[in-house]
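Structure record follows, encoded as structure tokens.
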Amino acid sequence: MCLGVPGKIIDIYEKNGLSMGKIDFGGGVVRETCLAYVPEAQIGEYTIIHVGFALNVLSESEALETLALLNEISNLNDELGPEPSFDQR
Amino acid sequence: MKYVTEFRDARLVKGVIEEIKHTVHHPWVLMEICGGQTHSIVRHGLDQLLPAEIELVHGPGCPVCVTPLEQIDRALAIASRPDVIFTSYGDMLRVPGSDLDLFTIRARGGDVRVVYSPLDAVKIAQENPGRQVVFFAIGFETTAPANVMSVIQARSLGIMNFSVLVSHVRVPPAIHAILGSPSNRVQGFLLAGHVCAVMGYHEYPALAERYNVPMSITGFEPLDLVNGILKVVRLLEAGKLTDIENSYSRAVTFEGNLPAQKMIDSVFMECDRPWRGIGIIPASGWRLRPEFDQFNAEQRFDVGAIQPKESAVCIAGQIMQGRKKPHDCPAFGKECTTEHPLGATMVSSEGACAAYYKYGR
């Protein structure tokens with residue numbers, strides 16, 4: 001139920017007084033979605049879609065920062081190997 | 001950046017699990033409250049890759065599983081009426097009521113339709129002006145913005161043959177009930193990422209401080225899950241027992257989605273809610289405000305007295321509070337399987353029992 005899927009906004013329009021959009025989920029899947037709760041969203045941005053509604057706009061900078069940090073952790077562990085080490089952070 | 005494959009990167013997942021192994025020096029019991037996270041953990045085998053010091057217990061974050069039996073029976077009674085088109089999210093269809101389920105009602109000729117979005121239910125009402133269309137509005141905070149919009153839309157478009165049967169539940173009171181229980185073993189929490197995407201996380205510091213249980217807001221992809229676990233384990237090892245970490249920062253902010261919160265508040269008000277298998281948790285639910293009475297299916301349909309009758313064997317309540325695991329249940333995998341479920345946790349795509357059964361635990 002809480003599963004939301006990221007998708008890219010490729011079109012924004014109005015329908016029945018609500019802001020709606022076409023969302024591209026990749027692999028040829030495009031769905032109509034309600035954008036009423038993301039009035040700031042722009043075409044090209046990514047949102048989390050849950051039961052046909054966009055819940056937020058995903059932050060690319062936060063995503064990249066998270067991945068960079070996790071990459072650092074993985075690289076450090078590749079160097080250190082699987083033995084236990086003291087926590088140095 | 002596609003936001004999916006990057007967060008399923010096996011090398012990074014392994015790297016974070018190594019880091020968890022380096023970090024952990026004591027045993028810890030962690031709970032993930034969201035059923036979607038339970039499924040992701042079990043499906044990707046993450047529970048088997050974590051060091052033995054970490055025990056993951058599964059919380060009651062499956063709205064399908066916790067919808068009270070009385071409300072299911074009420075839904076079944078409404079769906080059985082010949083004048084009604086009963087609409088619902090797909091995973092509610094096979095949840096067992098006292099005697100039947102929605103799927104059986106449909107097989108017997110009831111007009112029961114699965115919808116992907118609540119707006120689809122409003123459309124059905126628009127297209128069938130001579131019938132009553134009822135939408136089963138269940139969910140946590142994640143689903144509330146969508147569910148309330150169906151009522152707002154019906155009102156603004158004058159679609160008066162539409163009504164909703166509401167059974168909403170909220171996460172913070174559930175955490176309060178779990179951590180406040182004398183038999184609680186949970187020491188760290190993985191918070192539900194999409195609930196927090198909607199509501200923000202300003203309700204959780206007070207819980208962390210009250211119970212000395214650190215919390216990490218966690219997403220759903222394998223990398224998000226191990227990252228969330230790493231963060232909360234670090235807090236536990238460092239003795240930072242009242243801290244909250246946002247491990248899903250690409251999707252979650254402290255304030256959350258303000259337009260969604262405003263809309264929810266305009267349609268719903270807090271109420272006490274019974275959770276199936278657990279009991280009444282005060283202020284843990286949402287119901288329609290009185291000004292929306294005309295869209296309230298409970299008011300519109302008189303279905304008489306409901307006498308719910310739970311399965312004597314099912315231990316779903318114990319499982320959802322993290323006290324037992326699915327394989328502790330004598331019926332698990334025998335009388336109770338995904339083909340013939342005895343309880344909601346075996347039916348739901350987010351239920352712990354279904355996860356364990358499907359992925360061979």
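Throughout, read-outs are computed from the coordinates displayed, never taken from laboratory work. Bear in mind the structure is a predicted one, so any value in this text is a computation, not a measurement. Every residue, glycine among them, receives a Cβ derived from its backbone with ideal geometry; neighbour counts consider all protein chains shown.
Annotations
- Relative contact order [Cα under 8 Å, 6+ residues apart], the stretch B:1-311, whole percent: 22
- Selection from B:GLY304, B:ALA146, B:MET320 lying farthest towards where the dipole of the protein assembly as shown points positive, charges on Cβ: B:GLY304
- Using the Cβ of B:ARG170 as centre and a radius below 13 Å, the other residues enclosed give a net charge of -3, where K and R count +1 and D and E count -1.
- Of interest is the spacing of the C-alpha centroids, which for the stretch A:28-72 and the stretch B:272-351 amounts to 32 Å.
- Global geometry of chain B, whether rounded, prolate or oblate, following the gyration tensor of its Cα atoms and the 1.5 cut on a/c: prolate
- In plain terms, the residue of B:TRP275, B:TRP28 with the fewest other Cβ atoms within 10 Å comes first and the most crowded comes last, giving B:TRP28, B:TRP275.
- Given charges at Cβ of Lys, Arg, Asp, Glu: the stretch A:5-80 dipole, positive-most of A:ASN71, A:VAL30, A:GLY17: A:GLY17
- As a length-normalised measure over Cα pairs under 8 Å and 6 or more apart, the relative contact order of the stretch B:218-327 settles at 15 percent.
- Hydrodynamic radius (Kirkwood) for the protein assembly as shown, which is based on Cα pairs only, to one decimal in Å: 22.5
- Entry note, chain B: the mean residue ellipticity at 222 nm calculated from DSSP H runs of n ≥ 4, each adding -39500 (n - 2.57), is -11000 deg cm²/dmol after division by the residues and rounding to the nearest 500.
- Global geometry of the stretch A:5-80, whether rounded, prolate or oblate, following the gyration tensor of its Cα atoms and the 1.5 cut on a/c: prolate
- Here the dipole of the stretch B:105-199 is about 180 debye; that uses its Cα centre as origin and unit charges on the Cβ of Lys and Arg (positive) and Asp and Glu (negative).
- Among B:PHE189, B:PHE103, B:PHE135, the order by Cβ neighbours within 10 angstrom, fewest to most, reads B:PHE103, B:PHE189, B:PHE135.
- The stretch B:172-200 and the stretch B:3-53 have Cα centres lying 18 Å from one another.
- For GluC sites (Glu not before Pro), the sites in the stretch A:9-45 that DSSP calls loop and that have at most 14 other Cβ atoms within 10 Å are A:GLU40.
- Among the residues of A:3-10, the average count of other protein chain beta-carbon atoms within 10 Å of the residue beta-carbon is 5.
- Its Cα gyration tensor gives the stretch B:316-358 an equivalent ellipsoid, and the semi-axes of that ellipsoid, as √(5λ) in whole Å with the largest first, are 14, 11, 8.
- Given B:LYS14/B:LYS231; B:LYS2/B:LYS358; A:LYS15/B:LYS2; B:LYS334/B:LYS358, the pairs whose alpha carbons are separated by over 21 Å: B:LYS2/B:LYS358; A:LYS15/B:LYS2
- ³J(HN,Hα) computed for each position of the stretch B:148-164 - Karplus, 6.51 cos²θ - 1.76 cosθ + 1.60, integer Hz, glycine/proline x: 5, 5, 5, 5, 4, 5, 4, 5, 6, 8, x, 8, 8, 8, 10, 8, 10
- Exposure proxy order (Cβ contacts within 10 Å, fewest to most) of A:THR33, B:THR23, B:THR345, B:THR338: B:THR338, B:THR23, A:THR33, B:THR345
- Taking every C-alpha pair closer than 8 Å and separated by at least 6 residues, the mean separation divided by the residue count of chain A gives a relative contact order of 22 percent.
- Relative to the Cα centre, the charge distribution of the protein assembly as shown, modelled as +1 at Lys and Arg Cβ and -1 at Asp and Glu Cβ, gives a dipole magnitude of about 1140 debye.
- Cα-centred dipole magnitude for chain B, charges only on beta-carbon of K, R (+1) and D, E (-1), debye, nearest 20: 400
- Compared with the dominant Cα axis of chain B, that is its longest principal axis, helix B:10-23 is turned about 60°.
- Cβ-based net charge around B:PRO205, under 15 Å, with every Lys or Arg adding one and every Asp or Glu removing one: -3
- Chain A: most fluctuating residue of A:ASP24, A:ASP11, A:ASP78 per GNM, C-alpha cutoff 10 Å: A:ASP78
- Comparing B:ILE20, B:GLN126, B:PHE292 along the charge dipole axis of the stretch B:1-311, the residue lying farthest to the positive side is B:GLN126, per the Cβ-charge model.
- Global geometry of the stretch B:1-61, whether rounded, prolate or oblate, following the gyration tensor of its Cα atoms and the 1.5 cut on a/c: oblate
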